[in-house]
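The values are calculated or read from the model by the stated rules, or taken from the named source; none is laboratory data. Nothing here was measured: the structure is a model prediction, and the numbers come from that model. Reconstructed Cβ throughout: ideal geometry from the backbone, glycine too, with neighbour counts over all protein chains shown. Keep in mind that these areas ignore ligands, DNA and RNA; they rest on the heavy atoms of the full protein, side chains included. Shrake-Rupley method; radii C 1.70, N 1.55, O 1.52, S 1.80 Å.
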Amino acid sequence: MNANLLLRIAMAIILLTHSISGMFNNGINDFGNLFLNQIGFAPYGVFLAWSIKLSHVAAAILLLANKYIKLDGFVTIFVLIMGIILVHFKEGWFVVGGGRNGVEYNFLLIIVLMAIMYPNGFQVSNEKK
């Protein structure tokens with residue numbers, strides 16, 4: 001079994017469930033209209049919200065297919081970092097318990113993506129030519 005198969009499956013499930021549910025309960029449109037447009041992204045908030053969620057769906061598919069993992073990871077990490085900056089940072093660290101809606105979940109997702117992207121860690125080539 002591939003060393004990071006379980007991480008890729010878990011990450012794909014998280015990205016899909018976080019995205020697809022908003023497609024059917026108006027959550028994506030609400031996020032675009034009621035949050036993104038209100039913080040300065042008008043009139044593009046809904047477009048941006050859909051772009052974010054569709055990028056998560058594409059990322060999940062690529063993770064499951066084990067294709068374009070680094071590109072997929074960099075795009076998703078960028079989205080997660082922007083989520084930290086725009087949404088979660090002002091709420092603190094904790095998602096629940098010691099706070100609400102904080103950065104800890106996005107932080108964990110970023111670390112998992114990095115582990116998937118670099119399963120052998122960051123290596124520097126010492127080849128002499």
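Assorted remarks:
- Gyration tensor (alpha-carbon) shape descriptor, region 46-89, a/c threshold 1.5: oblate
- Extended-chain gain in nm, criterion 0.36 nm per residue less alpha-carbon gap, Tyr68 and Ile85: 3.5 nm
- Lys/Arg +1, Asp/Glu -1 at C-beta; region 24-129 dipole; positive extreme among Val57, Asn101, Leu113: Leu113
- Translational diffusion coefficient of region 6-77 (Stokes-Einstein, Kirkwood radius from Cα pairs, 37 °C, 0.692 mPa s): 260 µm²/s.
- Along each principal axis, taking the top coordinate minus the bottom one, the Cα set of region 1-47 gives 46, 21, 12 Å in descending order.
- Ordered from longest to shortest, the equivalent ellipsoid semi-axes for the chain are 29, 17, 15 Å, each the square root of 5 times a Cα gyration tensor eigenvalue.
- Helical mean residue ellipticity (222 nm; -39500 (n - 2.57) per DSSP H run of 4+; nearest 500) of the chain: -18500 deg cm²/dmol
- Accessible area of the chain divided out per residue, in Å², using a probe of 1.4 angstrom: 66 Å²
- Computed over the Cα atoms of region 61-129, the ratio of the radius of gyration to the Kirkwood radius (Rg/Rh) comes to 1.13.
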